[in-house]
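Throughout, read-outs are computed from the coordinates displayed, never taken from laboratory work. Source: prediction; values computed, not measured. Please note: Cβ atoms are built from the backbone with ideal geometry, for glycine as well, and neighbour counts cover all protein chains shown.
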Amino acid sequence: VLIIGAGIAGLFAALQLAPLKVTILANGSAESPDGRLNASSAWAQGGIAVAAGDDDRPDIHMADTIAAGAGLVDPETADILTSEANARIAELQDFGVNFDVDQNGALLLGKEAAHSRNRIAHINGDRAGAEIMKALWAAVHATPSIKILSKYKAIELARKAGSIVGAHVVSSIDNDDAVKMILANATMLATGGIGALYETTTNPPSSKGEGLAMAADAGAQFVDVEFVQFHPTAIDLGRDPAPLATEALRGEGAILVDQNGRRFMVDIHPDAELAPRDVVARGITEQIAKGNNIFLDCREAVGKKFPEKFPTVHAACAAGGIDPTLAPIPVAPAAHYHMGGIAVDNRGRTSIGGLWASGEVACTGAHGANRLASNSLLEAIVFAARVADDIYKHRPLTHRSGIGVEVSRWNDGLLVDPELEAELLDRIRRVMTENVGLVRNNQSLLEARYQIEKIAEMGGKLPSISNAALAANLVVEMALRRKESRGGHYRSDFPTPNDALRVREYMTVDRLADGQESEAVTA
Ligand SMILES: Cc1cc2nc3c(=O)[nH]c(=O)nc-3n(C[C@H](O)[C@H](O)[C@H](O)COP(=O)(O)OP(=O)(O)OC[C@H]3O[C@@H](n4cnc5c(N)ncnc54)[C@H](O)[C@@H]3O)c2cc1C
């Protein structure tokens, strides 16, 4: 099995697949040669949602998930997500993840926006992602059937007779142009999200949508890609990526204020700071557009407990010269999570044989138009386990042979030009931020289409830019088609939801190019 990506979805699936032989591409970089920090998973702060409290049940968690998803959550998927949560959390504990527990060993559960119960399992305060990934990496290294290729990234899926049989890869560290092929009986994409296609993001640079683009390019269906979640409270101190001030702070009672200390969210939504993320993010954006500066004031709600309860946020503030026990934290919305992605069924199968997907790159339908906080790490483990189970049960018995595999389009030569790549990526990020952000409309999206087409032409010989531009283009095209506002997709020219359009749009690149309709499925 080839797993492309070493975040929580990739590592968890690999562990579930043992003793089947698995190769993981970990996409190392100069900053993180073994690839460990090139994954959103390692950066997660809040934790994992699980209905484990005395007053909670999976069906209540499911109802909250459906309510947050603005009419597009697939109820069957949400049921699987919430009812399998406890079992998967227990497996994480078996892999050595030490969730915060009380003296009786019960999970200590926090509250986050739009959850009706306390159900967020934390680790060492705000270190959930780092600690989970530390434990999973240790478990992976202790599993002889798993091989890690740290310095490779995929640039194209390998195709044979209409199925996927592995991937074409290049080194992600050495600047060379040698394209290699890795053959596999089963291939799983676990490449994460698209946040790094935006200028202001909480995501690592690896979240450029390359997996989504490779799957779409190979003919796989994608769905809900117009829905991008912006986190309301990235710390606004000019860093790229922007450090996050976790939602759990608002769960603890921290409030959003302007420079005059005015609490503006109470006028916008009955749940004020704990309203759904898109509502809070647009509330802040409106204030910023009016010339206000926005702050997260944690002094009263968290106070002196801050360094101990939120060590990651505290360190990020300290690096910017702010002591959050004494001063409010400057915040702004940042691209954070992609609800849409490669369309998969409840076993993580894509529409193409031989290809599975899980984690943020996939779209199971569990998040609809807007993800409920802390449901994404959960989705990654629940559905990665299902992918592993499906591959295990249905794996072909023979090894794929290289005979008959379509030649990579990059075999004719690719350009290695880090400077041009960085310049073109910056341009994509600017175009996406200015035109395809929290607020879009027909004019801004047409401008984005035009600009991204030009960038794609200029970067046609750079695999990373070619894939990033395709991923960006899919968001633009599907955002143009959805002529309403819903969840994470807000159009100023169609500012309200339209019930007649409450459908999930399954699309392929070929259909898009031919101007055909999507396969619309009512949620
Ligand atoms: C700052 C932050 C805080 C968050 N907090 C929470 C939280 O508290 N709770 C929650 O539920 N969710 C949270 N999220 C979201 C959650 O972390 C992600 O959705 C989740 O970790 C995604 O996991 P993944 O395995 O799909 O992808 P990732 O963890 O992003 O891993 C993707 C992997 O694919 C690799 N990759 C990418 N492209 C290629 C390529 N072309 N070839 C090979 N490899 C490639 C990457 O390098 C990486 O190894 C947070 C996200 C961020 C950024």
(Q) Taking the number of other C-beta atoms within 10 Å as the exposure measure, put Val302, Val266 in order starting with the fewest. (A) Val266, Val302
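For the chain, what does the helix formula give at 222 nm: sum of -39500 (n - 2.57) over DSSP H segments with n ≥ 4, over the residue count, nearest 500 deg cm²/dmol? Intermediate values should be presented prior to the final figure.
Numbers: 15 runs with 171 residues, N = 523.
My calculation for the chain gives -10000 deg cm²/dmol from helical runs alone.
Gain in length, Lys483 to Leu446, computed as 0.36 nm per residue apart minus the alpha-carbon separation, to one decimal in nm?
Numbers: separation 37, 0.36 × 37 = 13.32 nm, distance 1.35 nm.
My answer for the length gained is 12.0 nm.
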Q | ³J(HN,Hα), Karplus 6.51/-1.76/1.60, whole Hz, each residue of the stretch 258-274, x for Gly, Pro | A | 8, 5, 9, x, 7, 8, 7, 5, 5, 7, 9, 8, x, 8, 6, 5, 9
Q. Amide H to amide H under 5 Å from Val436: which residues, 5+ apart in sequence or cross-chain, H placed 1.01 Å off N in plane?
A. none
Q: Name the residues whose placed amide hydrogens come within less than 5 Å of the amide hydrogen of Ala523, ignoring near sequence neighbours (fewer than 5 apart) on the same chain.
A: Arg504
Q. Hey, what does the equivalent ellipsoid look like for the stretch 39-178, semi-axes from the Cα gyration tensor as sqrt of 5 times each eigenvalue, largest first, whole Å?
A. 34, 22, 14
Q) Simple spin-label model, 7 Å along Cα-to-Cβ: Asn292 to Asp94 in nm? A) 5.0
(Q) I need the per residue convex hull volume for the stretch 144-265, using only the alpha carbons, in cubic angstrom as a whole number. (A) 178
Q. Along the Cα-to-C-beta direction of Ile403, a point sits 7 Å from the Cα; which residues of the stretch 151-191 have their amide N less than 16 Å from that point?
A. 160-161
Q) Size of the stretch 444-523 along its principal axes in angstrom, Cα-based, largest extent first? A) 43, 25, 19
Q) Taking Cα centroids, how far is the stretch 211-242 from the stretch 426-476 in Å? A) 12
Q.
If the only charges are +1 at each Lys and Arg Cβ and -1 at each Asp and Glu Cβ, what is the size of the charge dipole of the stretch 266-323 around the Cα centre, to the nearest 20 debye?
A. 160
Q. Using θ = phi - 60° and the Karplus form 6.51 cos²θ - 1.76 cosθ + 1.60, what ³J(HN,Hα) does each residue of the stretch 175-184 get, whole Hz, x for Gly and Pro?
A. 7, 10, 10, 7, 8, 10, 10, 10, 8, 8
**Q.** Distance in nm between pseudo-label sites at Arg347 and Asp267 (7 Å out along the Cβ direction from Cα)
**A.** 5.5
Q) What length, rounded to one decimal in nm, is gained on full extension from Asp499 through to His141, with 0.36 nm per residue of separation minus their alpha-carbon distance? A) 123.9 nm
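With Rg and the Kirkwood Rh both taken from Cα atoms, where does Rg over Rh land for the stretch 8-61?
Working: Rg = 16.1 Å, Rh = 14.0 Å.
Rg/Rh for the stretch 8-61 comes to 1.15.
Longest exposed-loop-site-free stretch of the chain, with GluC sites (Glu not before Pro), DSSP loop and at most 11 other Cβ within 10 Å?
Details: sites that count: Glu31, Glu300, Glu517.
With GluC sites (Glu not before Pro) excluded where exposed in loops, the chain gives 32-299 as its longest stretch.
Under the classification rounded if a/c is under 1.5, otherwise prolate if a/b is larger than b/c and oblate if not, where does the stretch 351-494 fall, given a ≥ b ≥ c as square roots of the Cα gyration tensor eigenvalues? Walk me through the intermediate numbers first.
On the way: a/c = 2.40, a/b = 1.18, b/c = 2.04.
Oblate is the answer for the stretch 351-494, as a/c is 1.5 or above yet b/c matches or exceeds a/b.
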Q. Can you work out the base-10 log of I(q)/I(0) for the chain at q = 0.09 1/Å, using the Debye formula on its C-alpha atoms alone?
A. -0.58
Q) Any idea how far apart Ala327 and Asp59 come out in nm if each label point goes 7 Å out from Cα toward Cβ? A) 5.1
Q: May I ask you to evaluate 6.51 cos²θ - 1.76 cosθ + 1.60, the Karplus curve with θ = phi - 60°, for each residue of the stretch 496-501 and list the ³J(HN,Hα) values in order in whole Hz, giving x for glycine and proline?
A: 10, x, 10, 4, 5, 9
Q) Can you list residues whose amide H is under 5 Å from Val331's amide H, if they're 5+ apart or on another chain and H is modeled 1.01 Å from N? A) Asp236, Ile294, Phe295, Leu296
Q | Net charge of neighbours whose Cβ lies under 12 Å from the Cβ of Asn442, counting Lys and Arg as +1 and Asp and Glu as -1 | A | +4
**Q.** Cα coordinate range in the stretch 250-357, projected on the principal axes (Å, largest first)
**A.** 56, 32, 23
Q. Could you give the length gained on full extension between Val416 and Gln516, defined as 0.36 nm per residue of separation minus the Cα-Cα distance, in nm?
A. 32.4 nm
